[in-house]
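This report concerns only the one structure given below.
Please treat every number below as a calculation from the coordinates, not as lab data. Predicted model, so just to flag it, every value in this text is computed and none were measured. All Cβ positions, even for glycine, are placed from backbone atoms using ideal geometry, and neighbour counts span all protein chains on display.
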Amino acid sequence: MRVVIGAPANGAMLKDEVRAFLEEDERVTEVVDLSTADITYPQVSFRAARRVVDGAADRAVLVCGTGVGTAIAASKVRGARAATAHDLVTVRGAVENYDAQILCLGQNVVAPAYARALVDLWLDLRHDPSGFYGPKVREIDELESRA
């Protein structure tokens with residue numbers, strides 16, 4: 001799996017922890033860090049989401065203070081589905097139910113050890129488009145394609 005990761009300054013510490021975890025994980029073939037010292041959360045979110053939508057990456061992890069700003073910004077890119085998740089149930093639902101390709105975490109909300117547990121689960125999850133939530137995700141996609 002190819003993963004892009006990014007954060008503005010207020011997410012850099014947790015992003016570095018998650019990046020190190022991803023780089024050591026056998027399920028991950030490539031990690032690209034889009035962060036720079038002066039990048040804003042919208043900029044890094046847009047860049048990561050575009051990479052996912054364009055197929056240059058399979059998924060992305062974004063970190064800011066709460067994970068909310070990055071999720072809002074990334075979701076503005078047509079075709080991107082970003083979800084803020086701070087617990088195992090939400091991580092599972094974000095991918096399995098809603099096909100979110102972008103996981104957003106909050107450095108001020110999630111401890112590094114717990115972030116590693118969330119990402120560990122996230123790497124194994126897949127969305128089943130023929131499942132219960134498949135028609136609902138298609139409904140969202142249809143609206144987005146008309147916008």
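Quick one, could you list the DSSP H helices from the chain stretching 24 Å or more along their long axis (Cα atoms) with average Kyte-Doolittle hydropathy of 1.6 or above? Flagged H segments: there are none. Using Cα springs under 10 Å in a Gaussian network model of the chain, which residue among Thr90, Thr40, Thr29 shows the largest mean-square fluctuation? Looking only at Thr90, Thr40, Thr29, the largest GNM fluctuation is found for Thr29. Using the Cβ of Leu121 as centre and a radius below 15 Å, the other residues enclosed give a net charge of 0, where K and R count +1 and D and E count -1.
As a length-normalised measure over Cα pairs under 8 Å and 6 or more apart, the relative contact order of the chain settles at 24 percent. On the beta carbon distance between Ala111 and Ala56, with R0 = 41 Å, the FRET formula returns roughly 0.85.
Gain in length, Ser130 to Ala147, computed as 0.36 nm per residue apart minus the alpha-carbon separation, to one decimal in nm?
Taking Ser130 through Ala147 to full extension adds about 3.6 nm, to one decimal.
Straightening the chain between Val89 and Asp25 buys 20.9 nm, computed as 0.36 nm per residue apart minus the Cα-Cα spacing.
Arranged from fewest to most other beta-carbon atoms within 10 Å of their beta carbon, Ser145, Ser75, Ser45 become Ser145, Ser75, Ser45. Here the residues Arg59, Arg138, ranked from fewest to most Cβ neighbours within 10 Å of their Cβ, fall in the order Arg138, Arg59. About its Cα centre, segment 66-147 has a charge dipole of approximately 220 debye under the convention of +1 per Lys or Arg Cβ and -1 per Asp or Glu Cβ, with nothing else charged.
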